[in-house]
Amino acid sequence: MTLVPSADSKTANAFQKELYALNPCDHKRTLNRQFSQRKHKRELLSQEAPYKFPVDKGESFLNVDLKGRDSSTTRYSEEKFSSCFLKKTKASQAQSSHTKRHANGEAVVLVDEEEPDANKAAERMDEVVECRNATKVYYPSRVDPESVEICCSDMESLAPEAYLSSTIMNFYIRYLQKTKAHADVVEYHFFNTYFYKKLKEAVLSKNEKEASFFKLRRWWKGVNIFEKAYIFLPIHEDLHWSLVIICIPDKEDKLGPSLLHLDSLGLHCSKSLFGTIRKFLEQEWKFLRQGEVSTLPFSDKIWENLPRRIDENVIPVPQQRNEYDCGLFVLFFMERFMEEVHGRLKKKDFVMFGRRWFKPEEASRLRMKIHNILKEEFKNASEA
């Protein structure tokens, strides 16, 4: 019997070597996914690229802004990290009794001698070559006004136990828009991961609040959001992702908008999120009432009293079994919702939700699916 690294550890090490070899943006970085209790000072990424790997002091990260360019990182206090991490680890599964911790913190398991997988190593090297030949891809295309720029280094957040970055989140949101049936997609409006932060800033603005909202309207320019059936709004706060869906009902239902909050760890304060999004809907309602609106899914009575007819719902959903899959769950919430809901949502349709809506591992498997999709995108770009 020999002590060898666990499968998860091998996979993570493979990612480290692969990404170190790539270095497409001249950023050298060593991934450290072990949440060691002996290390107290940590540096974490801001919302623009929340990989949330704990790192030693002095290590640098790549951060991505709205256009995919490098931007400065944000330092979170040790106390805030500790508080958030303790909340998240309560939801994590206990480590297997067959897994041991080596002195250097690496997870190992007791197994018989086994040969290294040469095929997997060769496959990794092929991915490195493909990524080197096309250090950036633009999805769905470079000329698309809402294209997402993805750098090879963005693949780091798809490593085992890594936290998804905004770049990867926004890529898959665009992927859902482009690959789902067009007849269904036109009923949706997708905000990217940067919108909620801007919305909250506008809501909290003490001076010229209406002017702040007017500037904010460029995020949905040319779109009457009240004509859409659903508005997806990903939330990133306190190192955690969750999702709010704004549902606009049929006129025959004689109901106002419904706000749904889906959170795979229950960490976000639904009341606070609902308050911010209510302000958003109220301000847009006030703006539209200044002119003539051709068609609305509300009766005149509902429309005239819309702010008082907004319904709030905290939705029970499957819970993640670790502290790092929250982004994957948000993306899977979107995908599963689009697959199962046709037409405008009715109150009776709420029964589809619940802790058994899907198996948690289905959401976790999305990590490899996104990795494979991007691998193909880089391959196609390198061959172009």
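Of the residues making up the stretch 286-334, those that are over 30 Å from residue 361 (Cβ atoms) and either in a helix (DSSP H, G or I) or not charged (D, E, K, R) (or both) number 24.
Candidates are the residues of the stretch 361-383 that are over 15 Å from residue 150 (Cβ atoms) and among the small types (Gly, Ala, Ser); the one that is surrounded by the most Cβ atoms within 10 Å (Cβ to Cβ) is 363. Screening residue 212 against (1) in contact with a Ser or Thr (Cβ under 6 Å, 6 or more places away or on another chain); (2) open to solvent by less than 10 Å² (accessible area, probe 1.4 Å); (3) part of a helix (DSSP H, G or I) leaves a single unmet condition, (2). Among the residues of the stretch 251-262, just one is among the acidic types (Asp, Glu) and open to solvent by 50 Å² or more (accessible area, probe 1.4 Å), namely 252. Within the stretch 134-174, can you find the residues that are within 13 Å of residue 371 (Cβ to Cβ) and over 13 Å from the mean Cα position of the chain (by Cα)? 150, 152, 154, 155, 156, 159, 160, listed by residue number.
Taken across the stretch 279-299, residues that are touching a helix residue (DSSP H, G or I) at 6+ places or on another chain (Cβ under 6 Å) and closer than 30 Å to residue 161 by Cα do not occur at all. Taken over the stretch 253-306, the criterion of being out of contact with any His (no Cβ under 8 Å at 6 or more places or on another chain), under 18 Å from residue 191 (Cβ atoms) and of a type in the set (Phe, Trp, Tyr) is satisfied by 280, 285, 287. Only residues that are over 18 Å from residue 346 (Cβ atoms), over 22 Å from the mean Cα position of the chain (by Cα) and of a type in the set (A, V, I, L, M) were counted across the stretch 304-326, and they come to 1. Among the residues in the stretch 201-213, are any among the basic types (Lys, Arg) and modelled with pLDDT of 85 or more? Scanning the stretch 201-213 turns up no residue that is among the basic types (Lys, Arg) and modelled with pLDDT of 85 or more.
Annotation: residue 138 fulfils all but one of (1) open to solvent by 10 Å² or more (accessible area, probe 1.4 Å); (2) part of a helix (DSSP H, G or I); (3) closer than 26 Å to residue 376 by Cβ; the unmet one is (2).
Can you spot a residue in the stretch 275-283 that is crowded, with 19+ Cβ neighbours inside 10 Å and under 14 Å from residue 243 (Cα atoms)?
yes
Residue check: is residue 242 surrounded by 16 or more Cβ atoms within 10 Å (Cβ to Cβ), among the polar types (S, T, N, Q) and under 17 Å from the mean Cα position of the chain (by Cα)? For residue 242, the condition - surrounded by 16 or more Cβ atoms within 10 Å (Cβ to Cβ), among the polar types (S, T, N, Q) and under 17 Å from the mean Cα position of the chain (by Cα) - is met.
Pairs linking a residue in the stretch 283-295 that is closer than 18 Å to residue 208 by Cα to a residue that is surrounded by 10 or more Cβ atoms within 10 Å (Cβ to Cβ), with Cβ atoms under 6 Å and 6 or more positions apart or on different chains, are 283/213; 285/306. Counting the residues of the stretch 215-239 that are open to solvent by 60 Å² or more (accessible area, probe 1.4 Å) and in contact (Cβ under 8 Å) with a residue 40 or more places away in the chain gives 2. Of all residues in the stretch 165-208, those that are free of Cβ contacts under 8 Å to residues at least 40 places away in the same chain, touching a strand residue (DSSP E or B) at 6+ places or on another chain (Cβ under 9 Å) and surrounded by fewer than 21 Cβ atoms within 10 Å (Cβ to Cβ) total 4. Scanning the stretch 174-207 for residues that are charged (D, E, K, R), in a loop (DSSP other than H, G, I, E, B) and either touching a Pro at 6+ places or on another chain (Cβ under 9 Å) or over 22 Å from residue 332 (Cβ atoms) (or both) gives a single hit, 206.
In the stretch 339-348 there is at least one residue matching the filter, namely being among the basic types (Lys, Arg), outside any helix (DSSP H, G or I) and open to solvent by 10 Å² or more (accessible area, probe 1.4 Å).
Kindly indicate the residue of the stretch 154-170 that is in a helix (DSSP H, G or I) and in contact with a helix residue (DSSP H, G or I) (Cβ under 7 Å, 6 or more places away or on another chain) and also nearest to residue 365 (Cα to Cα) among those meeting that condition. This residue is 158.
The values are calculated or read from the model by the stated rules, or taken from the named source; none is laboratory data. These figures come from a predicted structure and were not determined experimentally. Reconstructed Cβ throughout: ideal geometry from the backbone, glycine too, with neighbour counts over all protein chains shown. Just so you know, the surface numbers come from the protein's heavy atoms only, side chains and all, with ligands and any DNA or RNA stripped out. Shrake-Rupley method; radii C 1.70, N 1.55, O 1.52, S 1.80 Å.
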